[in-house]
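The values are calculated or read from the model by the stated rules, or taken from the named source; none is laboratory data. All values reported here derive from a predicted model rather than from experimental measurement. Note: ideal-geometry Cβ built from the backbone for every residue, glycine included; neighbour counts use all protein chains shown.
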Amino acid sequence: MYFELLQNQEAGREKAMDKLMEVNNLKTIFRLNGKVLTAIQDINFEIYPGEVLGVVGESGSGKSLTMKSIMGILPENAMIEKGKVLYKGVNILNLKEREKRKLRGKEISMIFQDPMTALNPLRTVEYHLKEVISRHQGGGKLYSREKAIEMLKKVGIRNAEERMKQYPHEFSGGMRQRVLIAMALSCEPSLLIADEPVTALDVTTQVQILNLLKKLQTEHQMATILITHDLGVTSDMCTRVIIMYGGHIMEEGTKNQIIFHPNHPYTRALLRSSMDREKGVAKRLYTIEGYPPSLYEHLQGCPFEKRCRFASEKCRNEVPEYQYYEDGHRTLCHFRGEKLDER
Amino acid sequence: MKKGKFKNFRKEILHNKGAFFSLVFLILIIFTSILIGFYDGDPDAINISNMLAKPSAQHWFGTDELGRDYLIRIIYGGRVSLTVGVLAMLTSIIIGTTAGISAGYFGGNIDSFIMRLSDIFSAVPWIIMVTVVSLLIKKGIFSIVLVIGMFSWMEIARLVRAETLTLKQRDYIQYADFIGTSPWEIMRSHIVPSVLPTIITAATTAVADAIMTESAMSFLGIGVQAPMASWGSLLQNAQANLDNAFHMAVIPGVLIILTICSFNNLGNVFRAVAEPGSRAGESNG
Amino acid sequence: MKDDVLISVKNLKKYFPVRRGILKEKKYIKAVDGVCIDIHKGETFGLVGESGCGKSTLGKCIIRMYDITSGEIYFKNKEIGKLKSSEIKSSRNNSMQIVFQDPYSALDPSWTVAKILSEPLIQKGASNKECMERGKYLLNKVGMTEMDMERRPYEFSGGQRQRIGIARALMSNPEFVVCDEPISALDVSVQAQVINLLKDLQEEFGLTYLFASHDLSIVRYMSDWIGVMYSGKIVESGYSDKVYKNPLHPYTKILLDAIPSIYSEKRKKDITISPENLDNFSNVYEGCPFAYSCEYAKEHCKEGKPLLQEVQSGHFVACFHY
């Protein structure tokens, strides 16, 4: 029912300026040992067709969980307590499982950090591709096979026809990731969610994969959500960026705003410690003392308070509201960026 | 870790009705077996005038073909079955663990040798081996324990070997070797503690299997000998009197089934608790 | 610069046999294929390269965690490469130690921190009391507390586990520590903490490090001297500033180029090589191992194997181009 609605909207869509997906007030909780723990809350963001949105955060920030919530692939002891995810105008959180499955792969595709765990070691690459293609596009065996070869070539795997017959463990890390990308793109989704796609790869392979993603993204006009902890990758790939920490969005803005005019203490600290490394000049690396918060820590105020240079009493007790700047740039902080410069 | 595991275990037991009753049942059986030691009467007291009596107020389980109180016989029988079960389990665990860890850790020829041995033992139908061996050695509880233990270590060895192979790759094992720890010390202090959950789970299944095997052996006449009784031998005796004393077969039969199921249920609970995934909250932010 | 050479490696080779059946020809993975390096006392030797290049293996060979196939290793002028494992273990005074990459695999999950720390000393016959004292002392040095002694690894985060690993490496008061990608598995904000810690400890205890990583910028930050590894060989080596600012070998140039830079606007040109394109048996090929991916490759590059030569003062490269 909902899905037919989607199809109709799809057919009639012309204006590219309309949001592709909008996440409103998303909150996801975990049930562990009888306790209810909040993993992410107050998550609000949008993504437009064709743009690349970077989601930057460390372990425990909630970046992966946000995507899993959107896709409906949460672990058993987690659930979405409130919020909406509007995809092309339809709240996909309310869809039945069957309809969600139709959505995944055809409209929204996902690729993960560790390609090895996403592939069945007992099946050939050909099987994987054909399974995805036939499930979402129908068509016969011949069509699936040809489409599979086409996709593999597209992602830069030479000798596609022969390599198709091989098993995942016979491919290297970078190649496996290409296979996953081929699978994800085979049905020409409107949105690709890439969860740390290059973290596990060598630097040179990283460049190749990122360039590939860029190329395909432009070709297909595909919106991409790129989850990473690496600011360099973010700078290379993204048009807009969200910085997450402790289950909240700490800062959001265009890439240039985030890189050149960061207004949140966490963003600034992250940038500074990355910069020091790149330049390799400073005597001591700039660090953020302490550790990211775990799920169990019940925080009353700002999640970053313990590690923040500028933290005040208010920060410990009250969760901040957003501060707004030009062009949609915002931070979750009691202090405005300009004030931070003074302190 | 131990505190957490215990809490998990309790929670699991309380949630899972089957497991709960299993635990209660086993505790009952074990208690009764222990308490019977304080009973003064002679379990072998023959009373011909009261043969094959049906269950009554005086004899709760009736009497057997020689007039002995069946309840007492059953309890003593249970004691034997349980004892054999536990001892046999210990034997197979010790042999299996040693074999498995050695095969896994040393690899190479030792591994091949042990695995081939395991294959040979597994390939021969155990009932034939058991029969042959038990004909050769002196009858008695300990020989039964030995025989069962000797033919059931293979599965445990396989499980332990697999785990050991995984553990061997861990950096901390390589480090222990690097700083000069002897292989035996590594196996004892590093590998055994990590493999323990697997062993415990396998142990519960092993007890169930051993009781089953002993029952079968006794039923076939190569197990415990009269006047000693086990549930299996009682079952055997009951054959002759199925027409008029049905209860003689039913009672030991049902008890055997319940005990085996209970041990298996417990084993499932142990396995669920021991699984690394059941450890609290390791989410991937 | 420090004068004393603590460790000298000459033509080290470590080949791993690949099982191919009884009748087939024996094949090897040449993890380390003829490496010569000198490590001076008190300095950090940075080893950089991507996965499969052999840097981990090289580090482990130097401290004799592996037996070597051929070559010589000198530790304080004593040759240790040919000693049998048993001789090394029993006589080793643990002057060489290692910090592992994966904090989740480096510590025994069923042991307490106290036991983990004591392990290297107990082997040498130290008493429990001595171990506890030194353990507490080192835990404090790495920024943790005495109370952590009785806890188990799963109670700690990756960064904390890595600190425990570092403390353990220092228990036996070593002179040389191999740091095998110690920060790759950690969060970005924690990486800097561990790096600073390693540097502080080096200064305080006069340690010599072999720092292996695929992250060229970190290696440059940490090291006095860099060696770039590719396919089991050192293709370039020199003072870290020199190598970083003026990379000579084509592979080094690519590595440098590939580092994701935050402020750089330039789009990275596509890289056509990848270690994966080469078979693991890359040594089947004659000539320079990089020849098949090198954009400057000429015919003669595929014929002979280039040797490391000092092209400028304190800067060596193995390439026919020079």
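Would you call A:SER109 in a loop (DSSP other than H, G, I, E, B), polar (S, T, N, Q) and at pLDDT 85 or above?
no
Among the residues of region C:235-248, is any surrounded by fewer than 23 Cβ atoms within 10 Å (Cβ to Cβ), in contact with a helix residue (DSSP H, G or I) (Cβ under 8 Å, 6 or more places away or on another chain) and more than 9 Å from every other protein chain (Cβ to nearest Cβ)?
yes
Quick one: A:GLU196 ticks every box in (1) farther than 27 Å from A:LYS19 by Cβ; (2) within 12 Å of another protein chain (Cβ to nearest Cβ) bar one, so which box is it?
Of (1) farther than 27 Å from A:LYS19 by Cβ; (2) within 12 Å of another protein chain (Cβ to nearest Cβ), only one is false for A:GLU196: (1).
Of all the residues that make up region C:44-96, how many are assigned to a strand (DSSP E or B) and either buried (at least 18 other Cβ atoms within 10 Å of the Cβ) or at pLDDT below 90 (or both)?
Number satisfying all stated conditions: 11.
Considering region B:162-185 alone, what residues qualify as being in contact with a helix residue (DSSP H, G or I) (Cβ under 7 Å, 6 or more places away or on another chain), within 7 Å of chain C (Cβ to nearest Cβ) and within 17 Å of C:GLU87 (Cβ to Cβ)?
Passing the criteria: B:ILE179, B:GLY180, B:THR181.
Go through (1) farther than 19 Å from B:VAL24 by Cα; (2) surrounded by 15 or more Cβ atoms within 10 Å (Cβ to Cβ); (3) at pLDDT below 80 and name the single condition B:ALA249 misses.
B:ALA249 satisfies all of (1) farther than 19 Å from B:VAL24 by Cα; (2) surrounded by 15 or more Cβ atoms within 10 Å (Cβ to Cβ); (3) at pLDDT below 80 except (3).
What is the one condition in (1) modelled with pLDDT of 85 or more; (2) in a loop (DSSP other than H, G, I, E, B); (3) β-branched (Val, Ile, Thr) that B:VAL224 does not satisfy?
(1)
Can you find a residue in region C:142-159 that is more than 14 Å from chain A (Cβ to nearest Cβ), touching a residue at least 60 places away in the same chain (Cβ under 8 Å) and not aliphatic (A, V, I, L, M)?
Within region C:142-159, not a single residue is more than 14 Å from chain A (Cβ to nearest Cβ), touching a residue at least 60 places away in the same chain (Cβ under 8 Å) and not aliphatic (A, V, I, L, M).
Could you list all residues from region A:197-223 that are in contact (Cβ under 8 Å) with a residue 40 or more places away in the chain, surrounded by 23 or more Cβ atoms within 10 Å (Cβ to Cβ) and either more than 20 Å from A:ILE70 (Cβ to Cβ) or of a type in the set (Val, Ile, Thr) (or both)?
Hit for region A:197-223 is A:GLN208, nothing else.
State which residue pairs qualify: first residue hydroxyl-bearing (Ser, Thr, Tyr) and inside region B:116-135, second residue in a helix (DSSP H, G or I) and surrounded by 14 or more Cβ atoms within 10 Å (Cβ to Cβ) in any location, beta carbons under 6 Å apart, and separation of 6 or more residues or different chains.
Here the result reads B:SER118/B:MET154; B:SER118/B:ALA157; B:SER122/B:MET154; B:SER134/B:VAL147, each pair linking region B:116-135 to a residue that is in a helix (DSSP H, G or I) and surrounded by 14 or more Cβ atoms within 10 Å (Cβ to Cβ).
Would you be able to tell me the number of residues in region A:244-265 that are away from chain C (no Cβ under 12 Å), within 16 Å of A:PHE45 (Cα to Cα) and buried (at least 19 other Cβ atoms within 10 Å of the Cβ)?
8
Between residues in region C:108-135 that are away from chain B (no Cβ under 11 Å) and residues that are in a loop (DSSP other than H, G, I, E, B) and surrounded by fewer than 19 Cβ atoms within 10 Å (Cβ to Cβ), which pairs lie under 6 Å by C-beta distance while being six or more apart or on different chains?
These pairs meet every condition: C:VAL113/C:ARG151.
Can you name the residue in region A:141-171 that is among the β-branched types (Val, Ile, Thr) and more than 13 Å from A:TYR127 (Cα to Cα) and, of all such residues, is modelled with the lowest pLDDT?
A:ILE157
Does any residue of region A:46-56 turn out to be modelled with pLDDT of 90 or more and in contact with a Phe, Trp or Tyr (Cβ under 9 Å, 6 or more places away or on another chain)?
yes
I'd like to check something: does region C:248-256 contain any residue that is at pLDDT 85 or above and assigned to a strand (DSSP E or B)?
Looking through region C:248-256, none of the residues is at pLDDT 85 or above and assigned to a strand (DSSP E or B).
Identify, from the list A:ARG316, A:ARG336, the residue that is away from every other protein chain (no Cβ under 14 Å) and either among the acidic types (Asp, Glu) or without any contact (Cβ under 8 Å) to a residue 24 or more places away in the chain (or both).
Of the residues listed, the single one that is away from every other protein chain (no Cβ under 14 Å) and either among the acidic types (Asp, Glu) or without any contact (Cβ under 8 Å) to a residue 24 or more places away in the chain (or both) is A:ARG316.
Checking the structure you have, find out if any residue of region A:124-140 is modelled with pLDDT under 85 and farther than 30 Å from A:GLY174 by Cβ.
yes
Hey, B:LEU220 hits all of (1) closer than 20 Å to B:LEU135 by Cα; (2) within 14 Å of another protein chain (Cβ to nearest Cβ) but one; which does it fall short on?
(2)
Only one of B:ILE137, B:ILE120, B:ILE191, B:ILE101 is among the aliphatic types (A, V, I, L, M), under 25 Å from the mean Cα position of the chain (by Cα) and within 14 Å of chain C (Cβ to nearest Cβ). Can you tell me which?
Checking each option against the conditions leaves just B:ILE191.
In region B:132-149, which residues are assigned to a helix (DSSP H, G or I), β-branched (Val, Ile, Thr) and either in contact with an Asp or Glu (Cβ under 7 Å, 6 or more places away or on another chain) or closer than 15 Å to B:GLN225 by Cβ (or both)?
The answer is B:ILE141, B:ILE144, B:VAL145, B:VAL147, B:ILE148.
Residues that are among the aliphatic types (A, V, I, L, M), within 14 Å of chain B (Cβ to nearest Cβ) and crowded, with 16+ Cβ neighbours inside 10 Å: which strands (runs of 3 or more DSSP E) entirely in region A:29-91 hold 2 or more of them?
A:35-47, A:52-56
Residues of region C:133-155 being surrounded by fewer than 16 Cβ atoms within 10 Å (Cβ to Cβ) and part of a helix (DSSP H, G or I), which ones?
Result: C:GLU133, C:TYR137, C:ASN140, C:GLU146, C:MET147, C:GLU150, C:GLU155.
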